[in-house]
Amino acid sequence: MRILFIGGTGNISTACTRLALEAGYDVYHFNRGKSHDLFKKSIKQIHGDAYDIDSLKMAVKNQNFDVVVNFIAYLPEDVDRDIKVFSGKTSQYIFISSASVYQKPPLYPIITESTPRKNPYWQYSRDKIDCEEYLEKAFRDNDFPMTIIRPSLTYESVIPVAIGSWDDFTIIDRIRQRKPIIVHGDGTSLWTITHSADFAIGFTGLLGHQQAIGQTFHITSDEILTWNQIYEAVAVAAGEEPIMVHIPSDFISQFDEFHVGNLLGDKAVSVIFDNTKIKSFVPEYKAVIPFIKGIQSTVKWFEEDPTRMVIKEENNAFMDKVIAAYQKIKYI
């Protein structure tokens, strides 16, 4: 199978590339020239600007693919461009959406693919919903062979905390320096974090899957953790006991508009994902990497290359500011 990944070197797509290659697929990456050292001899590179329709058309004009996957589409115009370029050139188009599209707050805590899509807090999620609806219409009206996949909080080369880090090392450094870290709410809301290597099993099983056309899937771990447990596992990976300061999500959100979506529109709400659908389509799918082990591997990956261990002082400054403001009102 000839597979085109638009993107392909990111936190999720690297694991997907790795497993697709192991499955014997002919994998192409389309990007502006970025390559991953692990794949230089294994994949074929197509260079261009994925956000420019002329560049995209020129790059793939004489090629057809069994599957096209876009990891970096965020707006309806992104999927519209792909529809125009790849209609008739692929048997399956996979859009990587987000589990944050699900109703917030949910009226029922068990999340299935039929849970309503509604997120009044986060524009990112509303844009993903618009993309999904655009693709669904293209499928209904013109038989565009789309499949929608919704990851939740997925990690391998990022540190998946709600506040303090993402693609940087700040939260680990802060824990090691015995500085307080922020945990939203009382830390008892439920969440699921999925390792990219686990996600890739479900994802790869959908590549070229005829019955997946027109379907939507989320792919997550079945491990359910509180946010206290999540930060405790991060602290184990850092090698220190965490000093956790619990602060209400709406208080935190006053200091940065991003956290209105990130917390109120996502991580502050307890969710439990039902993975029955992906398991019925991909029987081999099973998430086997518990977070407490996976995050240790992630921290080790950062430490293997000092250039990855970036400390973002703006993250430290934000946490210090919010903690100081909250303690000021808490002890008045």
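Only the coordinates and a few stated rules stand behind these numbers; no lab work does. Here the structure is a predicted model, which is why all the values come from computation and not from measurement. Reconstructed Cβ throughout: ideal geometry from the backbone, glycine too, with neighbour counts over all protein chains shown.
General remarks:
- Exceeding the 21 Å Cα-Cα cut-off - candidates Lys84/Lys277; Lys179/Lys321; Lys84/Lys137; Lys118/Lys267; Lys61/Lys89; Lys137/Lys286: Lys84/Lys277; Lys137/Lys286
- Less than 5 angstrom separates the built amide H of Phe273 from those of Ile111, all sequence-distant by 5 or more or on a different chain.
- Between the amide H of Leu4 and those of Tyr28, Val67, Val68, Val69, distances stay under 5 Å, these residues lying 5 or more places away or on another chain, with hydrogens modeled in the peptide plane.
- Across q = 0.07, 0.14, 0.15, 0.16 Å⁻¹, the chain modelled as identical point scatterers on its alpha-carbon atoms has Debye log10 I(q)/I(0) values of -0.29, -1.16, -1.30, -1.43, in the order of the q list.
- Percent of beta bridges antiparallel (DSSP, the chain, rounded to nearest 5): 10
- In this Cβ point-charge picture (+1 for Lys and Arg, -1 for Asp and Glu), the stretch 225-332 has a dipole of about 320 debye about its Cα centre.
- Among 146-153, 249-256, 179-186, the order from most to least packed when residues are scored by Cβ within 10 Å on average: 146-153, 179-186, 249-256
- Computed from Cα positions, the angle between helix 123-142 and the longest principal axis of the chain comes to roughly 20 degrees.
- Between the Cα long axis of helix 76-86 and the first principal axis of the chain there is an angle of about 30°, rounded to the nearest 10.
- Overall, the stretch 134-228 carries a charge dipole of about 300 debye about its Cα centre when +1 sits on the Cβ of Lys and Arg and -1 on the Cβ of Asp and Glu, all other atoms neutral.
- Degrees separating the helix 313-330 axis from the principal Cα axis of the chain, which is the longest one: 50
- For the pair Glu313 and Asp26, label points projected 7 Å from Cα toward Cβ lie 5.2 nm apart.
- Rounded, prolate or oblate (a/c below 1.5 giving rounded, otherwise prolate when a/b exceeds b/c) for the stretch 231-332 by Cα gyration tensor: oblate
- Toward the positive end of the charge dipole of the chain, with +1 on the Cβ of Lys and Arg and -1 on the Cβ of Asp and Glu, the farthest Cα among Ile12, Ile149, Ser91 is that of Ser91.
- Size of charge dipole - the chain - debye, nearest 20, with Cβ of Lys, Arg +1 and Asp, Glu -1, no other charges: 200
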